[in-house]
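J.: If you scroll down you'll find the structure; I have some questions about it.
A short reminder: the numbers here are calculations on the coordinates, not readings from a lab. Model, not experiment: these values are computed from the prediction. All Cβ positions, glycine included, derive from the backbone under ideal geometry; neighbour counts span all protein chains shown.
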Amino acid sequence: MYLKLRWARFFTLAGWNWKLSPTPGFDFLVEWPGVDSDDEVRHSLLVRVCEKTHDALSIKHYELWDVHFAYSSAAPALFGDGPKNTFWQMTWGGGGGEFSLSCYGEVMNELWERAAHD
């Protein structure tokens, strides 16, 4: 439960829109603005929180969801303990791929630390 609360605080500190997920099997529905200067699309994730490492989350993601669901409008995501332990696939611009919050720089780690203490 603590991990879910910390993620909720993280989303709030990041300024992302989030709510408890209406979809069974997921904890949060999260939406945030594009992070690239040429990316004006808002992105949505269906987040399931589980205490696993990035590698374990990656393997589990492929076991749980086929490519059609993985690239749906609200992409399924697995979030573990901190930004480096996150994994999802989504469309982005003219393509897409695999993502983790660690892709977005040190600011994610700083927000994660603040989420534990603020």
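J.: Provide the per-residue ³J(HN,Hα) series for region 4-11, in order, calculated from phi with Karplus coefficients 6.51, -1.76, 1.60 and θ = phi - 60°, each as a whole number of Hz, with x at glycine and proline positions.
T.: Going residue by residue, I get 5, 5, 5, 5, 4, 5, 4, 4 Hz, with x marking Gly and Pro.
J.: Right, something else. How would you rank 45-56, 14-25, 101-112, highest first, on the average number of other Cβ atoms within 10 Å across their residues?
T.: Highest to lowest by the protection proxy: 45-56, 101-112, 14-25.
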